[in-house]
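The values are calculated or read from the model by the stated rules, or taken from the named source; none is laboratory data. Treat the numbers as computed from the prediction; the structure is a model and nothing was measured. Heads up, the Cβs are rebuilt from the backbone with ideal geometry, glycines too, and the neighbour counts pull from every protein chain shown.
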Amino acid sequence: MKAAVEALRAGGLVILPTETVYGLAADAANPRAVAAIYEAKGRPSFNPLIAHVADLAAAERVARFDGRARRLARRFWPGPLTLVLPLRDEGAVCDLARAGLDTVAVRAPAHPIAHAVLAAFGGALAAPSANRSGRPSPTRLADALEETGERAAAALDGGPCEVGLESTVVSLLDQPRLLRPGAVTRAQIEAEIGPLAEAEADAKRSPGRLARHYSPKAPVRLEAVGPAPGEAYLGFGPSAPAGAGRWNLSPAGDLAEAAANLFAFLRAADRTGPSAIAVAPIPHEGLGEAINDRLRRAAGFVG
Ligand code: TXA
Ligand code: MG
């Protein structure tokens, strides 16, 4: 952990576990360090990155919070919720990390290792998921190392990610908008601050929503009640077919378990070299909204 914090201070990249997915972290205030993130990920463009902070006090040094933002932060932080807010301090999160926007996305992760690193580092860390651009997010250290390990000065092992899906992104610039469904559900957020508008009307403000994203090498076929010959299959629920080349996202039909398994199983299925990865229908409620968003992207559909 000490070596990781020193590497971050020196402008290096660190693979960092969070409760959602593994991140590739760098000093958000250091443009050269942030440039190295884009380079390591092979990102086609400079999408704005999330500034990770230790807690609400640190977040308030970076962004301007209003009553709604504070309410969400108090309810869901530390945890898998990212808030897009007006920028307070240009120096704390460099222009490149914000892709030139005058807004900033902030989140205080719940994973004890991420929290300890952030507390020791003091400032904000830019940390997109540690995959190469367009690939599924890593939810285990070995997957993160396979993706961007060569570029990292240090990597911390936090075990498998408990949530397994990226954080929910909510914009609070005008009316609250859901920019990316994620681990905190729409219903949980609406219970705190009222109805959320859709992201589409705000598309220019969320350039990170690429159509093809989270993709394995094999094509992905959705809403599949079973596998065709040559296909790998990700099932869901007690009656899903079992056996070689079959994975069950949750035998119990539990959406949280399915979310935690999703990216690791997509990778495992992809490694067998199938003609396609067929995926069972997933209920579109609660966490199912975020799971279906990632699956549609993996299949190449615009979210
Ligand atoms: O769970 C997570 O959020 C993970 C872990 C590592 O914390 N991080 C992550 O970061 O998913 P990244 O960079 O892959 O996703 C950033 C998302 C993108 O959808 C991006 O467009 C949006 O946040 N975003 C960042 N800054 C923004 C801004 N100023 N305005 C609108 N959207 C923004
Ligand atoms: Mg990502």
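Summary of computed values
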quantity: Test: residue in segment 74-81 that is more than 24 Å from residue 290 (Cβ to Cβ) and either surrounded by fewer than 24 Cβ atoms within 10 Å (Cβ to Cβ) or within 13 Å of ligand 1 (Cβ to nearest atom) (or both); calculated: no
quantity: Scope segment 82-103; condition modelled with pLDDT under 95 and buried (at least 24 other Cβ atoms within 10 Å of the Cβ); matching residues; calculated: 97
quantity: Criterion violated by residue 106 - all others in (1) surrounded by fewer than 19 Cβ atoms within 10 Å (Cβ to Cβ); (2) more than 13 Å from residue 37 (Cβ to Cβ) satisfied; calculated: (1)
quantity: Hits in segment 112-142 - residues which are within 9 Å of ligand 1 (Cβ to nearest atom) and out of contact with any helix residue (DSSP H, G or I) (no Cβ under 9 Å at 6 or more places or on another chain); calculated: 114
quantity: Lone unmet requirement of (1) within 16 Å of ligand 2 (Cβ to nearest atom); (2) modelled with pLDDT under 95 for residue 126; calculated: (2)
quantity: Test: residue in segment 97-114 that is over 27 Å from residue 173 (Cβ atoms) and part of a helix (DSSP H, G or I); calculated: yes
quantity: Some residue of segment 110-123 being in contact with a Phe, Trp or Tyr (Cβ under 9 Å, 6 or more places away or on another chain) and touching a residue at least 40 places away in the same chain (Cβ under 8 Å); calculated: yes
